[in-house]
Amino acid sequence: MSFANTKCVVEEGDTVIIYVNPQAMYALQVKPLIATKKGDMVENIFQTAYGALKVQELVGKKFGHKVQFSRGWGYLLHPTPELWTLNLKHRTQILYTPDISLIVMQLDLKAGSVIVESGTGSGSLSHAILRAIAPTGHLHTFDFHQQRVEIVTQEFSDHGWEPFVTAKQRDACKDGFDLENVADAVFLDLPNPWLAIPHSVKALKKSGGRICTFSPCIEQTQKTCEGLLAEGFKYIETMECLQREYQVKNITLPEIDDYNFSFCNTPETNCEGNQKKDDRKFRAVLPALQMAGHTGYLTFATWPRQSEKCQT
Ligand SMILES: C[S@@+](CC[C@H](N)C(=O)[O-])C[C@H]1O[C@@H](n2cnc3c(N)ncnc32)[C@H](O)[C@@H]1O
């Protein structure tokens, strides 16, 4: 299975997305057998809100087709980084697609880019980075939590990213990155990113590059900006990405050009005693009443090209 190259038909071992509705989606690996808590291998039957699904029956089915559960149905979708972000198992807080898209664009990620990331966390951002830089780039991702590194390494392998990624257990603030002059961009999602900025400078190419840090609090962001300035980064900018959804709705509004709101106005007649017009029905586009709020501040900066110092 490869997230990078889409294919038509499901094979054993693939990761697939079962889509029921926007609130009910599942990522699962197509394996005929699954281990119980006691370690016995039993038939892999996946429970959805609409009944059971025999996972082995997905083999040979085409992506995009309907799949039957015992009490309903869903669609079998090819995985993408966006769907993975919505369905992965959270080991940590994760980044979501609105922030991720701004990061990918501002860091100018493209095929062939070399990226350093820390911490890896649950690998949500890593999957989007990998799609942007494959098939010729490389992601070096670091987390100081051994088990998180092991799980994400297995997921990278299951999803076909192995050639383009190296995941390592390492304290990015204390020990930095074991890389010098290789990275086009560095991304830091750490509690204290300012401690990793001097190490990031070492990892960035001397020909220049970009850095981004993600922090939920403004005090962290202030320290990061001071750190970036002290190291010689340029064009430092902090942004917040808020996604506002619009909904298409059928609404009914009273005809208002014909009556005013004084005491002579009744539900049936206007001030001139004329019959009011019927309410009018509209199809309107309205902002959603609720939206996802603050996630974090994204600070971007440019590492300028390091020109050779002339000997005098
Ligand atoms: C919020 S999570 C990152 C989530 C990730 N961006 C994602 O989208 O899935 C932060 C991660 O940083 C790791 N971490 C914290 N301090 C670290 C350090 N000094 N060096 C390396 N990793 C660190 C934590 O173990 C955690 O997994």
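The table that follows gives values for the structure above.
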| read-out | value |
| --- | --- |
| Amide H within-cut-off set for Y75, under 5 Å, with H built and near neighbours excluded | Y19, V20, V67 |
| The chain: radius of gyration over Cα atoms, expressed as a fraction of 2.2 N^0.38 Å | 1.35 |
| Residue with peak Gaussian network fluctuation, the chain [Cα springs, cutoff 10 Å], from C173, C217, C225 | C217 |
| Long-range HN-HN contacts of G123 with modeled amide H, under 5 Å | none |
| Gaussian network model of the chain, springs between alpha carbon atoms under 10 Å - residue of V182, V149, V285 with greatest fluctuation | V285 |
| Integer Hz, Karplus 6.51/-1.76/1.60 couplings in order for segment 282-288, x for Gly and Pro | 10, 9, 10, 10, 10, x, 4 |
| Long-range amide H partners of L190 with built H, under 5 Å | G119, F214 |
| Alpha-carbon centroid distance for the pair segment 1-31 / segment 176-229, whole angstrom | 34 |
| Value of Rg/Rh across segment 15-79 [Cα atoms, Kirkwood radius] | 0.97 |
| Karplus (6.51, -1.76, 1.60) ³J(HN,Hα), θ = phi - 60°, over segment 116-123, in Hz, Gly and Pro reported as x | 10, 10, 7, x, 5, x, 9, x |
| Relative contact order of the chain, defined on C-alpha pairs under 8 angstrom at six or more residues apart (%) | 13 |
| Which of K223, K62 has the fewest Cβ neighbours within 10 Å, and the rest in rising order | K62, K223 |
| Relative contact order, percent, segment 15-79 [alpha-carbon distance under 8 Å, six or more residues apart] | 33 |
| Using θ = phi - 60° and Karplus 6.51 cos²θ - 1.76 cosθ + 1.60, couplings along segment 83-95 (whole Hz; Gly, Pro as x) | 5, 5, 4, 7, 10, 5, 7, 6, 9, 8, 5, 10, 8 |
| Residue of I129, I94, I34 that the Gaussian network model of the chain assigns the largest fluctuation, springs spanning Cα pairs under 10 Å | I34 |
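Just so you know, all these numbers are worked out from the coordinates, no wet-lab data involved. Because the structure is a prediction, the values reported are computed rather than measured. When we count neighbours, we look across all protein chains shown, and the Cβ atoms used for this are built from the backbone with ideal geometry, even at glycine.
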